[in-house]
1. From the list 146, 114, 159, which residue is open to solvent by 10 Å² or more (accessible area, probe 1.4 Å), part of a helix (DSSP H, G or I) and modelled with pLDDT of 90 or more?
2. Suppose the filter is in contact with a helix residue (DSSP H, G or I) (Cβ under 7 Å, 6 or more places away or on another chain) and at pLDDT 95 or above; does residue 285 pass it?
3. Six or more apart or on different chains, Cβ under 6 Å: which pairs go from a residue in region 260-288 that's free of Cβ contacts under 8 Å to residues at least 60 places away in the same chain to one that's in a helix (DSSP H, G or I) and of a type in the set (Val, Ile, Thr)? Could you list them?
4. Considering only region 244-355, give the helices (runs of 4 or more DSSP H) lying wholly within it that have at least 1 residues that are open to solvent by less than 80 Å² (accessible area, probe 1.4 Å) and under 20 Å from residue 129 (Cα atoms).
5. Quick one: would you say residue 184 is in a helix (DSSP H, G or I), surrounded by fewer than 20 Cβ atoms within 10 Å (Cβ to Cβ) and within 21 Å of the chain's Cα centre (by Cα)?
6. Could you list, in sequence order, the residues of region 192-212 that are more than 17 Å from residue 157 (Cβ to Cβ) and hydroxyl-bearing (Ser, Thr, Tyr)?
Amino acid sequence: MSLIRYLFFFFFLMIRRPPRSTLSSSSAASDVYKRQAWNYEVSHNHSSKAAQAKAALDDGWKKLKLWQRSEDVYTKSILQLRTHVRPAAEGSAVLPPTCTAESAVGSRCSVAQNLVRPTQFEVGLAEVLGNKIQFFVDQPLLAIQNYLLKKVIPVIVGNDGRLYQIDGHHTTYAMQWWKHNVVSKMPPSVARSELLSLPLVAEIKCNWTSKFSSEPEFWSAMKEKNFVLLEKQGKPMNPSQLPATIGELTDNALRSLAGIAEIVSSPCIAKTCVPFAEFKWADHLRGQISAGNMPHWQSITQTDNFTVVAGYVNTQEFQTVVHSTSATKLPGYLQPSQPAPPPPDCPWNATSCNL
């Protein structure tokens, strides 16, 4: 009889509740954060333990917020794309012919993103994800095609016959990010194929095919005309180090900060036609950080979050920096309380291609 009882007790232990690891990742993560929070509360009188627990809690919430933000974008996009059925009457926009090395100056043509070479090393990721990506996430195919027909990418046909994008990197990056992170995750369908094959619409500004006897001469002309920015995080770079595609550009959080300061409801930096103006501001802000004038910015971890960066733009700390006398020579500088003028129209100067 004792053996039977022993076996029954052993069997009861074996069918106990499964371990927490069998729960969904979100539930498990929630429990981890709760335990971290509890540990912080019970040890708040012990400074070293409190600091460690708080750091763990902050890191956990940071990861959760980043995950939620990315999941919101993915879920919203994929649901919209899966449920969108294009009406027969909607049709398709007429895109221009494919770009070639012989494309005439002033003509418009279609080109795949991976065939366009960037002329800078970085983008402002917060501005891309918080501003540019919306033009792709919530729109059906025809609306995206029409947007691209309006948002024409200026390119130069280089000495080697390849296309070099000289502006609009954020739009191209947003489109490539959307295709890679959203469209590619759709189930196989005609809509998925159409969206993945959607090209950019470019306008040929200069055609310098076989114009120069060497690559250094070509890049010298590109620098002279302000068609290229050879720096990364404020450090000089070489043309040979430029990424092969727009999708390989890296994040410059200070460029985001300057760009978002131009488009918030009360801009403290004015938009201008000066090439790479936001990068000039980024270099200035980098110096202000080194001088200790932006301590709160250094404590921000989510510098790819549009809302977080826009919130910092409205702080007194940032306002003091951008309105200081040390910034007066930067493009788009505004005096304190000076309203920003409307964004200027920046027409292309046809003489820019003259050598």
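The values are calculated or read from the model by the stated rules, or taken from the named source; none is laboratory data. Everything quoted here is computed from the prediction, not taken from an experiment. In this analysis, Cβ positions are derived from the backbone assuming ideal geometry, glycine residues included, and neighbour counts consider all displayed protein chains. SASA here: full protein model, heavy atoms, side chains in, ligands and nucleic acids out. Shrake-Rupley method; radii C 1.70, N 1.55, O 1.52, S 1.80 Å.
1. On the way: 146 fails: modelled with pLDDT of 90 or more; 159 fails: part of a helix (DSSP H, G or I).
Just a single option satisfies the conditions, and that option is 114.
2. For residue 285, the condition - in contact with a helix residue (DSSP H, G or I) (Cβ under 7 Å, 6 or more places away or on another chain) and at pLDDT 95 or above - is met.
3. Listed by first residue and then by second, the contacts come to 264/313; 288/321.
4. Numbers: elements: 253-263, 277-290, 295-298, 306-313, 316-322.
Filter on region 244-355 gives 253-263, 277-290, 295-298, 306-313.
5. Here the answer is yes, as residue 184 does meet what is asked.
6. 193, 197
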